[in-house]
Structure formats: C-alpha cells, structure tokens
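Read the structure below first, then the notes.
Every read-out reported here was derived from the displayed coordinates using simple, explicitly stated rules and does not represent laboratory data. Just so you know, these numbers come straight off a predicted model, no measurement behind them. Backbone-built Cβ (ideal geometry, glycine too); neighbour counts: all protein chains shown.
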Amino acid sequence: MDKIDIAGIKVRLQFLLDERGITVYKLAKDIGVHNLIIYNFLAEHNPYNLSLYTLGKISEYFGVSLSWLIKGYAIKERDKDV
C-alpha cells in the first residue's frame, strides 16, 4: 500500500486556499468542521491528520478530485457528473 504524503496534502490545500482567496475559517464553516481541525492540520509541526471524510468534503468544496488532493496526480478538476 502506498504511503500518504501528508506534507503534499498540506501544500495542495494551502494552494487551493490561496488560489481562491478563502480563509481556513470560511472553509471550515462551509464544510461543517471546527476551524481548529484545519488550522491544526496545516500547522508546520503537528500530530493531526484529516479524516478521509473531511478530505472528501474539502475536495467537493473546491471542485477537485480526491485523488489530486491526496496524491497530487490524476485530474485536478472534479468530474461534475459524479
């Protein structure tokens, strides 16, 4: 099984936030999680990870594929028919 690159997920999530001009607070509020969950995940040295459910909500929110968010490859844009 492939190992998940947490640092890569952080980079892609921060890229999406910056690219769209969305704050962590707004993202968290819009997807229904506490903002500290995302702040803690993005912190440089932290023991926190996001659940697959939360990652799925983030990918849906930004309209990107879950595989792009997690692995950094595959199609970035989410298929609108799914």
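Overview of results
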read-out: 5 angstrom amide H check on VAL64, placed H, neighbours 5+ away; value: ARG78
read-out: Cβ-derived FRET efficiency at R0 25 Å, TYR73 paired with LEU36, nearest 0.05; value: 0.25
read-out: Calculated from backbone phi, Karplus (6.51, -1.76, 1.60) coupling profile of region 6-17 in Hz, x at Gly/Pro; value: 4, 4, x, 5, 4, 4, 5, 5, 4, 4, 5, 4
read-out: Mean separation of Cα contacts under 8 Å, 6 or more apart, over the residue count of the chain: relative contact order %; value: 29 percent
read-out: The chain - Rg (one decimal) and Dmax (whole number), Cα, Å; value: 12.1, 38
read-out: Assigned charges on the beta-carbon of Lys, Arg, Asp, Glu; region 6-71 dipole about Cα centre (debye); value: 80 debye
read-out: Estimated vicinal HN-Hα couplings, Hz - region 28-35 in sequence order (Karplus 6.51, -1.76, 1.60; Gly, Pro = x); value: 4, 4, 5, 9, x, 10, 5, 4
